[in-house]
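The values are calculated or read from the model by the stated rules, or taken from the named source; none is laboratory data. Since the structure is predicted, the reported quantities are computational estimates derived from the model, not experimental observations. Because the Cβ atoms are built from the backbone with ideal geometry, glycine has one as well, and the counts that use them run over all protein chains shown.
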Amino acid sequence: MLKKISKIIFAGSNNFSLAHLRSLFYSKYIIKAVLIKSDNLFCKKKNQKFSPIKKFAIRHHIPILQTNNLNEKNFFVKISKIRADILIASSYGLIIPSNILQLFYFGGINIHASLLPRWKGAAPIQWAILSGDSHTGISVIQMNSTIDSGKIIYQLNCPINQHDSTKTLSTKLIPISLQCMYQTLNILIYPQKKTNHLKKNVIQTNAPKIKKKDAKISWSLPVVYIDRLIRAFNPWPCCYFLINNNHIKIKKFSVTSFKKNKFKQGEIISINKKGIKINTKCGVLRIEKIKIPGKKTLHIKDILNSNKKLFIKNEILP
């Protein structure tokens with residue numbers, strides 16, 4: 001008689017993983033517990049100290065396993081008592097030790113937002129956009145004790161268009177990811193079902209964690225790369241440039257030229273109600289909406305009405 005998957009422990013952290021938890025919660029499966037990292041006590045915004053996964057678990061009375069040290073003896077005893085069939089992880093952020101994976105009849109599966117082995121690591125969506133990839137996808141792997149290195153069980157492809165940001169691409173990937181997750185669960189129950197591994201001999205690339213300092217715009221870069229940078233870092237950490245030592249976040253922009261010209265790198269070449277045009281190493285970026293520290297997001301035309309001296313034509317930005 002086939003062993004069925006019924007009881008699940010879900011590990012995750014963000015809104016992308018929440019989509020999977022929510023779908024599983026309202027399906028035939030039973031969520032026995034959620035596994036999450038410790039709360040972000042240093043977060044300035046009170047409503048962001050708890051992850052979306054924890055908020056959902058509290059709201060729906062799901063037991064919570066919370067730790068940053070998965071090797072603790074007490075934690076091992078606690079998770080072993082739950083007797084779940086499988087561990088499902090999505091954007092969890094910690095490597096799960098092999099002794100914990102062995103507690104589950106079906107082991108653990110990880111849902112990863114790239115076509116592995118391309119973009120192994122913490123920020124696969126951002127790095128796919130930064131690198132100008134024409135497509136990405138979802139991979140579901142059998143977890144082992146090495147990051148994003150287990151056997152690929154199921155993959156599906158997703159195109160990246162020229163205007164996609166991390167925010168929009170994440171949204172596009174969710175239904176694809178849910179399909180991959182449920183197909184994988186069926187494959188694990190019925191091993192004779194075919195796996196779906198899209199590409200062989202793909203070169204491994206890494207997608208390291210994004211840091212806030214990475215979001216500073218360098219005008220010595222070509223506009224084609226700055227365009228990717230702004231889209232990759234939307235919504236977080238959000239690209240910025242400096243004026244009078246203030247971090248000015250870019251909220252809306254467009255590329256008006258990809259060609260090299262006579263202006264200097266970082267030079268403000270025009271200012272009008274449509275936006276401010278800034279020259280790069282090769283090409284021109286028009287910034288249309290910005291966020292000044294302590295203020296709400298505003299269009300350039302509104303800022304010009306109240307603060308005409310903020311931007312000066314022919315000024316060179318750092």
Inset, instruction - Report, by residue number, each residue of region 146-159 that is more than 13 Å from Ile109 (Cβ to Cβ) and surrounded by fewer than 19 Cβ atoms within 10 Å (Cβ to Cβ). - result: Thr146, Ile147, Ser149, Leu156, Asn157, Pro159
Legend entry - Test: residue in region 188-204 that is in contact with a Gly (Cβ under 9 Å, 6 or more places away or on another chain), closer than 30 Å to Leu2 by Cα and part of a loop (DSSP other than H, G, I, E, B): yes
Inset, instruction - State yes or no: is Leu221 aliphatic (A, V, I, L, M), modelled with pLDDT of 95 or more and under 18 Å from the mean Cα position of the chain (by Cα)? - result: no
Legend entry - Residue check for Ile230: crowded, with 19+ Cβ neighbours inside 10 Å, assigned by TED's automatic domain parsing to the domain that holds Cys282, out of contact with any Leu (no Cβ under 7 Å at 6 or more places or on another chain) and aliphatic (A, V, I, L, M): yes
Inset, instruction - Have a look at Met181, Met143 and point out the one that is surrounded by 22 or more Cβ atoms within 10 Å (Cβ to Cβ) and in contact (Cβ under 8 Å) with a residue 40 or more places away in the chain. - result: Met143
Inset, instruction - Taking Gln162 as the residue in question, decide whether it is of a type outside the set (Phe, Trp, Tyr), free of Cβ contacts under 8 Å to residues at least 12 places away in the same chain and not in a strand (DSSP E or B). - result: yes
